[in-house]
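All remarks here apply to the structure that follows.
Each reported figure results from applying straightforward, stated rules to the coordinates on display, with no laboratory input. These numbers were taken from a predicted model, which means no experiment stands behind them. Cβ placement follows ideal geometry from the backbone for every residue including glycine, while neighbour counts extend to all protein chains displayed.
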Amino acid sequence: MKFGVVVFPGSNCDADCYHIIKEVLEQPVDYIWHQEKAIKGYDALILPGGFSYGDYLRTGAIARFSPVMPAVMEFADQGGLIIGICNGFQILLEAGLLPGAMLRNRSLTFICQPVWLKVQNEATPFTNQLSKGEVLQIPIAHGEGNYFCDPATLQSLKDNKQILFTYCGPDGEDEDSYNPNGSLANIAGICNRPGNVLGMMPHPERCSEEVLGGTDGLKIFASMLKWCREVRL
């Protein structure tokens, strides 16, 4: 399985993602510079966190028009796996690959801390190594992670089981006090309707090795690997 890590000016988690794929999962991986106009020979793409183009205008708003994005959108249309992490999630929203938008954190401050996530749908390419209701601890680092959408979109996300991760307490408590940024319905990660594009604000690449304090994030990348080997390929 071959991964590509899309790098925009201002990306700062690209090397972390590259390391996890190459050194931990032991899979081939390339960097894909934002000026590339074709994406060939990859099974999965990672849009990493950071501050693409300085996050001017809105987070992800400029990156959405980057030369590489038409190829990313075509890759998604063809069923390729895409995971957008933090700023990558914001870019996927701006590009229309996922529904909704990101607002400033309700605290109006940048938040960097571990959070707990509850798995809401285990039957996807990104969660097949997880169990429904399982609680993960994964760090966040963002200033605009407050997910929002209109009521009809929220209902559609629920009806089609597109909400993959929600913020929760350490024992899975669905309480607003455990929602770090004010996201609607405690949403931490969603997928598109076909299920091949995931956007999530927490950083799984930052908790995929014991040396980093935990490996809950590795289960997401391992799920992608399993799906590509057993289903897509």
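Which residue is surrounded by the fewest Cβ atoms within 10 Å (Cβ to Cβ), if the candidates are limited to the stretch 144-188 and must be part of a loop (DSSP other than H, G, I, E, B) and of a type in the set (D, E, K, R)?
Asp171
Any idea which residue in the stretch 67-92 is surrounded by the most Cβ atoms within 10 Å (Cβ to Cβ), counting only those that are of a type in the set (A, V, I, L, M) and touching a Gly at 6+ places or on another chain (Cβ under 6 Å)?
Leu92
Could you go through the stretch 66-86 and let me know if any residue there is under 21 Å from Tyr178 (Cα atoms), in contact with a strand residue (DSSP E or B) (Cβ under 8 Å, 6 or more places away or on another chain) and not small (Gly, Ala, Ser).
yes
Taking Leu212 and the conditions (1) without any contact (Cβ under 8 Å) to a residue 12 or more places away in the chain; (2) of a type in the set (A, V, I, L, M); (3) buried (at least 21 other Cβ atoms within 10 Å of the Cβ), which numbered condition does it fall short on, given that it satisfies the others?
The single condition Leu212 does not satisfy is (3).
Restricting attention to the stretch 9-57, which residues are among the charged types (D, E, K, R) and under 17 Å from Phe126 (Cβ atoms)?
Asp43
Return the only residue of Leu117, Leu136 being touching a Lys or Arg at 6+ places or on another chain (Cβ under 8 Å), under 27 Å from Phe3 (Cα atoms) and either surrounded by fewer than 18 Cβ atoms within 10 Å (Cβ to Cβ) or not β-branched (Val, Ile, Thr) (or both).
Result of the check over Leu117, Leu136: Leu136.
Does Glu122 satisfy being among the acidic types (Asp, Glu), over 24 Å from Asp150 (Cα atoms) and touching a Leu at 6+ places or on another chain (Cβ under 6 Å)?
It is true that Glu122 is among the acidic types (Asp, Glu), over 24 Å from Asp150 (Cα atoms) and touching a Leu at 6+ places or on another chain (Cβ under 6 Å).
For the stretch 18-48, what are the residues that are surrounded by 15 or more Cβ atoms within 10 Å (Cβ to Cβ) and part of a loop (DSSP other than H, G, I, E, B)?
Within the stretch 18-48, Leu25, Gln27, His34, Glu36, Ile39, Tyr42, Asp43, Pro48 meet the criteria.
Starting from the stretch 87-98, keep only residues that are touching a residue at least 40 places away in the same chain (Cβ under 8 Å), then list their pairs with residues that are charged (D, E, K, R) and part of a helix (DSSP H, G or I) whose Cβ atoms are within a distance under 7 Å, requiring at least 6 positions of separation or different chains.
Short answer, once both residue conditions are applied: Ile91/Arg64.
Quick check on my filter: what residues within the stretch 49-86 are farther than 20 Å from Pro139 by Cα, part of a helix (DSSP H, G or I), in contact with a Phe, Trp or Tyr (Cβ under 9 Å, 6 or more places away or on another chain) and in contact (Cβ under 8 Å) with a residue 40 or more places away in the chain?
Tyr53, Ala63
Can you work out which of the residues in the stretch 93-109 that are assigned to a strand (DSSP E or B) and of a type outside the set (Gly, Ala, Ser) is surrounded by the fewest Cβ atoms within 10 Å (Cβ to Cβ)?
Leu103
How many of the residues making up the stretch 111-143 are in a strand (DSSP E or B), touching a strand residue (DSSP E or B) at 6+ places or on another chain (Cβ under 6 Å) and of a type in the set (S, T, N, Q)?
1
What pairs come up if the first residue lies in the stretch 219-231 and is in contact (Cβ under 8 Å) with a residue 60 or more places away in the chain and farther than 16 Å from Val29 by Cα, the second is in a helix (DSSP H, G or I) and not charged (D, E, K, R), and their beta carbons are under 9 Å apart, counting only those six or more places apart or on different chains?
Lys219/Pro204; Ile220/Pro204
Within the stretch 77-94, can you find the residues that are of a type in the set (S, T, N, Q) and within 17 Å of Asp14 (Cβ to Cβ)?
Asn87, Gln90
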